[in-house]
Amino acid sequence: MKISASFLSSKDVVRDLKKLNETNVDFIHVDIMDGKFVKKKTMPFREMKHIYKYTSKRLDVHLMVEDPIKYIPLYAGLNTEYITFHVEVGHDILDCLELIHAYSIKAGLALSPNTKVSSLVPYLPYVDMILIMSVEPGQGGQAFLPETKNKIEEVRTLLNEYHSSVIINIDGGITEVTKSECRMADILTAGSYIVEADDFQEQINRLR
Ligand code: DX5
Ligand code: ZN
């Protein structure tokens, strides 16, 4: 299992990014919030961009924003593997997927807990990853929603029907207990479970 580490709950982001460099974590998960799609707001890019020089890992960018098209060019200029935005934004989805690919970056679509899996169907040929939210987007440290297990199965079945090689990433409330609900996933994104512990590598090993 691949692991992506979110630093949303970090008390000291620079220290934690340096600690994560010393682990075998696969990606750094970057949560971006605009104060509109979700209530909270992350720092503007001009302040945030200094932080990324402290990580040697590839970035897995999660845009929780109303207007992804404005953010894609900013994050495309970093060491980015994936840029993911939410299917619930409901506009310019194909344009955003195309723009991400134009930067030779892999494109993800995220699904909030109350959104139907069928909403992904029109976009499946144009995405590389589905990010299934196992908590309501907007903050770290929430409990994993039990209905996620069925949702993962539903997405996996859909992908199989379409003979799709799209990968599944699960985000929110991931721990050594809830990981057992996510066996059909390819990547687990964990925040507080990793950054609130002393030994990051030990936590990562428990999730793999
Ligand atoms: C929630 C974010 C998640 C979150 C994960 O809105 O998208 O990435 O930071 O943090 P934990 O693992 O603490 O739920
Ligand atoms: Zn996230």
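Sort out which residues of segment 12-31 are touching a residue at least 24 places away in the same chain (Cβ under 8 Å), open to solvent by 40 Å² or more (accessible area, probe 1.4 Å) and in a loop (DSSP other than H, G, I, E, B), and write them in order of number.
Across segment 12-31, the qualifying residues are Glu22, Asn24, Asp26.
Limited to segment 87-111, what total is found for residues that are farther than 19 Å from Ile167 by Cβ and within 16 Å of ligand 2 (Cβ to nearest atom)?
2
Can you confirm whether segment 32-40 contains a residue that is more than 15 Å from ligand 1 (Cβ to nearest atom) and open to solvent by 50 Å² or more (accessible area, probe 1.4 Å)?
no
Listed here are the residues, each with its yes/no results for (1) buried (at least 20 other Cβ atoms within 10 Å of the Cβ); (2) among the aliphatic types (A, V, I, L, M); (3) touching a residue at least 24 places away in the same chain (Cβ under 8 Å).
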{"site": "Met129", "(1), (2), (3)": "yes, yes, yes"}
{"site": "Gly138", "(1), (2), (3)": "no, no, yes"}
{"site": "Asn150", "(1), (2), (3)": "no, no, no"}
{"site": "Glu153", "(1), (2), (3)": "no, no, yes"}
{"site": "His163", "(1), (2), (3)": "no, no, no"}
{"site": "Ser180", "(1), (2), (3)": "no, no, no"}
{"site": "Thr189", "(1), (2), (3)": "yes, no, yes"}
{"site": "Asp198", "(1), (2), (3)": "no, no, no"}
{"site": "Arg208", "(1), (2), (3)": "no, no, yes"}
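Considering (1) assigned to a helix (DSSP H, G or I); (2) within 15 Å of ligand 1 (Cβ to nearest atom), say which one Asp60 fails and leave the rest.
Looking at each condition in turn, Asp60 falls short on (1).
Output the residue which, of all residues in segment 41-57 that are of a type in the set (Val, Ile, Thr) and part of a loop (DSSP other than H, G, I, E, B), is surrounded by the fewest Cβ atoms within 10 Å (Cβ to Cβ).
Ranking the candidates gives Thr42 first.
Which one is modelled with the highest pLDDT, of the residues in segment 163-208 that are hydroxyl-bearing (Ser, Thr, Tyr) and away from ligand 2 (no atom under 16 Å from the Cβ)?
Out of the qualifying residues, it is Ser180.
Would you confirm, using the coordinates I've provided, whether Gly108 is within 14 Å of ligand 1 (Cβ to nearest atom), farther than 21 Å from Lys36 by Cβ, crowded, with 21+ Cβ neighbours inside 10 Å and among the small types (Gly, Ala, Ser)?
No, not satisfied.
Is at least one residue of segment 42-65 among the polar types (S, T, N, Q), within 16 Å of the chain's Cα centre (by Cα) and closer than 20 Å to Ile167 by Cβ?
no
The values are calculated or read from the model by the stated rules, or taken from the named source; none is laboratory data. Note that the coordinates shown come from a computational prediction; the quantities given were computed from them, not determined experimentally. Cβ coordinates were reconstructed from backbone atoms using ideal geometry, including for glycine residues, and neighbour counts include every protein chain displayed. Keep in mind that these areas ignore ligands, DNA and RNA; they rest on the heavy atoms of the full protein, side chains included. Shrake-Rupley method; radii C 1.70, N 1.55, O 1.52, S 1.80 Å.
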